[in-house]
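The values are calculated or read from the model by the stated rules, or taken from the named source; none is laboratory data. On a predicted model such as this, the values are computed, not experimentally measured, just so you know. FYI the Cβ positions are ideal-geometry reconstructions off the backbone, even for glycines, and counts take in every protein chain you see.
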C-alpha cells in the first residue's frame, strides 16, 4: 500500500502483513495516595539502611573482645551512618519493557525511546487517543478515519496506521479503543523489524500498554463534564482475591455533541483483567477489552481545497439525513474486541520463558461521503457516497520467547530469542456508490444524488512467520553492543468478489546493530542501524503481489541525565530511507509498480522529568525533512504531507507549597507550516496551541480543570487517513472540562 493510498473502506482494501513483560512498579507511583507517601519514603530509607549497615559493619576494624574491666568496650557505639533516599520523577520511566521486550534500562538501549507515564496523561486531561503523544518530539496525530477514534500518527515524517497494543500489532483503521485502559504509552522511533517483523510501521511504533492487575487493593471513580455536551464517567478497581490472584476492572462511558454539526457520538468501554502469580517465578495474565463507538455522522472534516481557511469549521460536509427523501445520512458504528494472554515462567535464576498471544477483531458499519478531488468548480465539489459499507479487520498473534543472561569469558550477554506468528485479515463487504455536488459556501445547496455501480467486496490477508534473536553484550563497563536479526516468511493474498486476484511469498531478513558508550554514569552516547520490511498487498494485471517495502535507518544520539534520577534528556539525529513503495504505473493508471522512494532526515530533542521536587516539565523539539526521492506519480523533491519542518512543545506542572494539594500547569505546542497534499499544491499554516490545568486534592477527593486551546487558535490536521489527502480536520475551539474523582 503506497503512502498516500486511500485507507481500506467500502471496497478498497489494503494491508501489510505482519511475552510482554511488565517491569516491577516503582516505589513511588502516581496511583499512591498522599497519605501513603510518607510510609513509602520511610520504607525506602529503611531498605537502604539495611543494605548499608552490613557494609559499614564489614568495614569496621577488628578489635579485641571486651573485658569486664573495660566498660566502654562492653557498650560500643556505632558510628553515625547517613542514609539518603532519592525519589525519582513520576514523569520518567527507566525502562520500556513492553516495547523492547527486555528489562534493559532505556539509557543502555541503542535507540530513541520515549515513555509517556500515566501521570502525564492524567495531568493533561487526556480523553482520546490522538492526545497521547503531544509531548513527544517528532510525533504528530493525524486525521482519523471519519472521526472513528482509530490510531493514526505521523512519526519521523511517515504516516503510521499500525501501532502496538501490549506489544502486538494494533491495526489502526477500524480499532477504536478508549484511553481509560491505557497505563502508559511507549514510543519506539524508527524501523523495528528486527523485533516486530512485517507489522508495517516505518517511522516508529506507538505501543499503548494496558492496565494490569496489581498486588494491592485500590480503586477510583471519576466524572467529567465539559464543553459541547461532554459527559464522561470512568471506573478503575483493583482487588487482591488471595495471595496468588488479582483482578482489575476498567470501564468508561461517554457522550459528546462536539463543536461540529452532525459530529456527536456515544461510546463505552469495559476492560476486565486477571493475573495469577505464585510468587515463585510463574504468572499468567488475561487482558480482555470491549469498545463501542456510535457516531451521528462520518466526519472527514473540511475539504482540502486551497481556500480551506474560509470554510466553516462547524459545518458537516457530507450526506445528512433528510437532504434526500428516504435516504439516510452518514453514520459510523465501531466495535472492537481483543483478548491477550501473557504467561511467564522462571526456568532458573537467570532464564525466563515467556508465551503470549492476542486475538483482536474490529468492525465498522457506515455510510460515508468524501470529496474525490481538491479542486472545486464555481464553489462546487463532487463528493462520493458509499452507502452501507461493512468493513472489518481480524488479527491472530502468538509468540514464544526465551530471555536470560549468560557469560562468555568476561563478556556478559542479555539474550532475547523467540519465534512468532502473525495473521491479519482486512475486508469490506462492498457498498453502493453514489455521487453528489456540494456547494462549499452554501449549506442549503446540494445537487441530486446520482447512483453509480456497486463496489464488490474485497479482502486482503497477510501471514508472517518469524524467528528472531537479540543480544545485548557488555563489552566493557562503558561499552555495550546490541545486535539483532530476524527472519520472516511473508505470505500475502488478495480477493475480489470472492475470487483470488493475487498471491505472493517472500523471505526477508531484518538486522539491527547498536552501540552505546557511557563515559560517565549520567551520559550515554548511542548509534544504531536497522533495516525492516513491510509487506505490500496489491495486484497487477498479471494478478501477482509485490515484494515488501523496505525501510533503513541510521541514527546517532546521546542520552543525558541532567539531574540524577529526576531529569533526563535525549538528543538524536536520524536518516530513514524508504524504498519499494507502491506507486501508479506510468503506462497504466489502473496498475501499480514498485518504484517509490522517500527519505526522512531530522533532529529530535526530548527533556523530561523534575526540575525541582515540585516542578515537573517536558520540553521537546524536532526538525524533520521528509520528501519524495523517486516516484512515477509524485514530483521528486515534493515534501510529504502533514510533516512540519519544525515543531516543539512545553508541558509543565508545579505543586504549590503554600497550598498543599494544589497543582497548576500549562502546555504550549508549536507545529510549523506543512504541505497539505502530495503532490504539493498548498500549505497548512503553522500554529501555536496553549493548554492549561489546575487540580486540587484533599483526602480521597480530587478536582481537576483542563482548558484546551486557551487562545482559540484555528488550525487544521491532515494525513493519509484523510481520504488521500482530500480532507482536513479542523481544530476544536476553546474548550474546558472538569473532572471530579474519588479514590479508595
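None of 113, 81, 155 is at pLDDT 95 or above and in contact with a helix residue (DSSP H, G or I) (Cβ under 9 Å, 6 or more places away or on another chain) except 113. Residues in region 139-149 that are over 13 Å from residue 720 (Cα atoms) and outside any strand (DSSP E or B): 147, 148, 149.
Residue under question is residue 204, and the condition is that it be at pLDDT below 95 and either surrounded by fewer than 16 Cβ atoms within 10 Å (Cβ to Cβ) or under 24 Å from residue 164 (Cβ atoms) (or both); does it hold? Yes: the conditions hold for residue 204.
From the list 426, 469, the one residue that fits, being part of a strand (DSSP E or B) and surrounded by fewer than 16 Cβ atoms within 10 Å (Cβ to Cβ), is 469.
Yes or no, residue by residue, for (1) surrounded by 18 or more Cβ atoms within 10 Å (Cβ to Cβ); (2) within 24 Å of the chain's Cα centre (by Cα); (3) in the same structural domain as residue 350 (by TED's automatic domain parsing):
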site: 385; (1), (2), (3): yes, no, yes
site: 401; (1), (2), (3): yes, yes, yes
site: 420; (1), (2), (3): yes, yes, yes
site: 439; (1), (2), (3): no, no, yes
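Note on region 632-644: among residues that are crowded, with 17+ Cβ neighbours inside 10 Å and on the phi < 0 side of the Ramachandran plot, the one that is farthest from the chain's Cα centre (by Cα) is 633. Of the strands (runs of 3 or more DSSP E) that lie entirely inside region 184-285, those containing 2 or more residues that are outside the structural domain of residue 580 (by TED's automatic domain parsing) and within 27 Å of residue 354 (Cβ to Cβ) span 204-210. With respect to the conditions (1) more than 30 Å from residue 624 (Cα to Cα); (2) within 26 Å of the chain's Cα centre (by Cα); (3) surrounded by 17 or more Cβ atoms within 10 Å (Cβ to Cβ), residue 197 lacks only one, and its number is (1). A count restricted to region 441-466 and to residues that are within 30 Å of residue 311 (Cα to Cα) and crowded, with 22+ Cβ neighbours inside 10 Å stands at 0. For region 611-626, residues that are in a strand (DSSP E or B), surrounded by fewer than 21 Cβ atoms within 10 Å (Cβ to Cβ) and either in contact with a strand residue (DSSP E or B) (Cβ under 8 Å, 6 or more places away or on another chain) or not assigned by TED's automatic domain parsing to the domain that holds residue 564 (or both) total 7. A residue that is in contact with a strand residue (DSSP E or B) (Cβ under 7 Å, 6 or more places away or on another chain) and under 19 Å from residue 137 (Cα atoms) can be found somewhere in region 656-666.
Candidates are the residues of region 686-725 that are under 23 Å from residue 370 (Cα atoms) and out of contact with any strand residue (DSSP E or B) (no Cβ under 8 Å at 6 or more places or on another chain); the one that is surrounded by the fewest Cβ atoms within 10 Å (Cβ to Cβ) is 724. Scanning region 129-141 for residues that are under 26 Å from residue 368 (Cα atoms) and buried (at least 24 other Cβ atoms within 10 Å of the Cβ) yields 129, 140. Scanning region 280-338 for residues that are over 24 Å from residue 432 (Cβ atoms), over 31 Å from the mean Cα position of the chain (by Cα) and surrounded by 15 or more Cβ atoms within 10 Å (Cβ to Cβ) turns up just one, 311. The single condition from (1) assigned to a loop (DSSP other than H, G, I, E, B); (2) under 14 Å from the mean Cα position of the chain (by Cα); (3) buried (at least 22 other Cβ atoms within 10 Å of the Cβ) that residue 91 fails is (2). Selection of region 659-681 for residues being buried (at least 16 other Cβ atoms within 10 Å of the Cβ) and under 30 Å from residue 373 (Cβ atoms) yields 671, 672, 674, 675, 676, 677, 678, 680, 681. From the list 364, 395, 358, 368, the lone residue that is closer than 22 Å to residue 439 by Cβ and out of contact with any helix residue (DSSP H, G or I) (no Cβ under 6 Å at 6 or more places or on another chain) is 368.
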